[in-house]
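K.L.:
Pasting a structure below so you can have a look.
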Amino acid sequence: VGLAPYTGHDYHDALGDLQRALTAFGDVCDDHQLVLACAVEVGDLDRILLALSKVEEAEKQVVVEVEVLVAELITKRLRTAMHTRKLKLLRSAVAMAEEEEVAASQRIEPSLLAEAKLLLANESLRAAINWYPLNELRLAIANAEASEQTIDESVMITARIRLAELATEELEAAMRKRQPKPLAAMVAMHEEEGLVTDALVEKARALVVALDESKSPSAELAPAGTHAMNELTKPDHIEAEKVFGSFKRCMGKTEVAVDDYKYWGGADEPWRNGVDDSPVADPAVITREEQHKLKAEDEDRPTAGTPDHAEILRCCGVRVDFLLALTFALNIWDWKTWEVVQYLVKPMTEGEGRCRFAELMVVRQFAGAATIFVSH
């Protein structure tokens, strides 16, 4: 089969057919020299390298000619990867060019390979700036600093600025959770690392002291029957207008989050629209939501699966008088659980970094360690 008669899309279709046929043929044929010859004809670099590694007895001149072709193909792949700046392709091309067992790698132009490695180092760090959460970006910067490549100064500065932003967000999130032990550990870490401003670190340190001082023993249980009642009374000591003024927009089930999506783990199409559960089709939305998901998981990673995390969740309890006042203020007595999430929790927390409801500024004064669990 020859490719000469084909042009445009027909050429690429024919080439694809040849490569698929070659793969199937190479998997079952024991004549590795024949497979090598076919791979050379098609110009399939990966199959050439695989076949070449299996050829035990081949004419020296044939091997040399193949190595020349392999070097040309690797060089072409390097140039293509550098031009398109596709990290995955660039990373594989550089690895292939550096492979010591591939004799053709000795024929790669050293200056081209050096340029490709430098571009890979810089583009990898740029990608980390755009997509990586805090810990992964911290590791990417450390790897870049330890590498032999000279990283563009502007890229490194941007990476460190982004790292400082993420570190600041992490400390602010810990302050919102108001958990003394994890917060104290984070303050100590950021004092040593020096990424967060001194003012914020001092504010966090003062909060740790305040939280430690505010600890009090659990209230004694009331005697049985002390609080028997036939009706729920609106708590007058909570100023509804002052506390729940910002919540009023959520009355009537008319308010939903701007980016209202949910994640169904294990589903073929896990990202769903919050209102009707239909699959999300926009790749940009999925990419953005994946980043939010990674950020949320990154926040919980230090304590995930430990007793400290259970304590964090326990400290997201809210007072009964707050729940009563909220229900009276918004008249949500008959709302179902999913409606509270859809029309109240998501819209209110979206504007504060998608935090937990108990971490909202207005709710924190009524939140703390739960002493009783009541199911909804």
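The values are calculated or read from the model by the stated rules, or taken from the named source; none is laboratory data. All figures in this text were calculated on a predicted structure; none of them were measured in a lab. Virtual Cβ from ideal backbone geometry, glycine too; neighbours counted across all protein chains shown. For the accessible areas, the whole protein counts, side chains as well, though only heavy atoms, and no ligand, DNA or RNA atoms are used. Shrake-Rupley method; radii C 1.70, N 1.55, O 1.52, S 1.80 Å.
K.L.:
Just the residues that are among the hydrophobic types (A, V, I, L, M, F, W, C) and under 20 Å from VAL209 (Cβ atoms), please, taken from the stretch 154-178.
P.N.:
Hits for the stretch 154-178 are LEU171, ALA173, ALA174, MET175.
K.L.:
Still on this structure, please answer the following. Only one residue in GLU145, GLU123, GLU165 is free of Cβ contacts under 8 Å to residues at least 60 places away in the same chain and under 20 Å from ALA81 (Cα atoms). Which one?
P.N.:
Among GLU145, GLU123, GLU165, only GLU123 is free of Cβ contacts under 8 Å to residues at least 60 places away in the same chain and under 20 Å from ALA81 (Cα atoms).
K.L.:
Evaluate the following for ARG126: is it open to solvent by 70 Å² or more (accessible area, probe 1.4 Å) and assigned to a helix (DSSP H, G or I)?
P.N.:
The answer is yes for ARG126.
This table checks each residue for (1) surrounded by fewer than 18 Cβ atoms within 10 Å (Cβ to Cβ); (2) out of contact with any Phe, Trp or Tyr (no Cβ under 7 Å at 6 or more places or on another chain); (3) more than 18 Å from VAL196 (Cα to Cα).
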site: ASN135; (1), (2), (3): yes, yes, no
site: ALA140; (1), (2), (3): no, no, yes
site: THR150; (1), (2), (3): yes, yes, yes
site: MET156; (1), (2), (3): yes, yes, no
site: ARG160; (1), (2), (3): yes, yes, no
site: THR168; (1), (2), (3): yes, yes, no
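K.L.:
Would you say LEU313 is touching a residue at least 60 places away in the same chain (Cβ under 8 Å), part of a helix (DSSP H, G or I) and open to solvent by 60 Å² or more (accessible area, probe 1.4 Å)?
P.N.:
So LEU313 does not fit the description; no.
Condition check ((1) out of contact with any Lys or Arg (no Cβ under 9 Å at 6 or more places or on another chain); (2) in a loop (DSSP other than H, G, I, E, B)) across all residues:
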site: LEU323; (1), (2): yes, no
site: LEU326; (1), (2): yes, no
site: ASP334; (1), (2): yes, yes
site: VAL340; (1), (2): yes, no
site: LYS346; (1), (2): no, no
site: GLU352; (1), (2): no, yes
site: CYS355; (1), (2): no, yes
site: ALA358; (1), (2): no, no
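K.L.:
So, of the residues in the stretch 101-152 that are touching a Leu at 6+ places or on another chain (Cβ under 7 Å) and of a type in the set (D, E, K, R), which turns out to be modelled with the highest pLDDT?
P.N.:
Within the stretch 101-152, the match that is modelled with the highest pLDDT is ARG138.
K.L.:
Among HIS83, HIS32, which is the only one that is at pLDDT 65 or above and touching a Lys or Arg at 6+ places or on another chain (Cβ under 7 Å)?
P.N.:
On the way: HIS83 fails: touching a Lys or Arg at 6+ places or on another chain (Cβ under 7 Å).
Result: HIS32 is the single residue among HIS83, HIS32 that is at pLDDT 65 or above and touching a Lys or Arg at 6+ places or on another chain (Cβ under 7 Å).
K.L.:
Further question on the same structure: Taking into account only those residues within the stretch 250-274 that are surrounded by fewer than 12 Cβ atoms within 10 Å (Cβ to Cβ) and in contact (Cβ under 8 Å) with a residue 60 or more places away in the chain, which is nearest to VAL320 (Cα to Cα)?
P.N.:
Going through the qualifying residues, I end up with THR254.
K.L.:
Within the stretch 149-196, count every residue that is among the basic types (Lys, Arg) and within 22 Å of the chain's Cα centre (by Cα).
P.N.:
Here the count works out to 4.
K.L.:
Select from the stretch 297-309 the residues that are surrounded by 16 or more Cβ atoms within 10 Å (Cβ to Cβ) and either at pLDDT 95 or above or part of a helix (DSSP H, G or I) (or both) and list them in ascending order.
P.N.:
ASP298, GLU299, HIS309
K.L.:
From the residues in the stretch 50-72 that are within 28 Å of LEU120 (Cα to Cα) and surrounded by 20 or more Cβ atoms within 10 Å (Cβ to Cβ), which one is modelled with the lowest pLDDT? Lay out the reasoning, then the answer.
P.N.:
We begin by selecting, within the stretch 50-72, every residue within 28 Å of LEU120 (Cα to Cα); these are 50, 52-53, 66-72.
Next, from what is left, pick out any that are surrounded by 20 or more Cβ atoms within 10 Å (Cβ to Cβ): 52, 66, 70.
Working: LEU52: 68, VAL66: 72, VAL70: 77.
For the stretch 50-72, the residue satisfying everything is LEU52.
K.L.:
Would you check which residues across the stretch 233-272 are under 19 Å from THR349 (Cβ atoms), assigned to a helix (DSSP H, G or I) and in contact with a helix residue (DSSP H, G or I) (Cβ under 8 Å, 6 or more places away or on another chain) and list them?
P.N.:
Within the stretch 233-272, VAL243, PHE244, SER246, PHE247, LYS248, ARG249, CYS250, MET251, LYS253 qualify.
K.L.:
Same structure, new question: Can you tell me how many residues within the stretch 360-376 are in a helix (DSSP H, G or I) and of a type in the set (Val, Ile, Thr)?
P.N.:
Counting residues in the stretch 360-376 that are in a helix (DSSP H, G or I) and of a type in the set (Val, Ile, Thr) gives 2.
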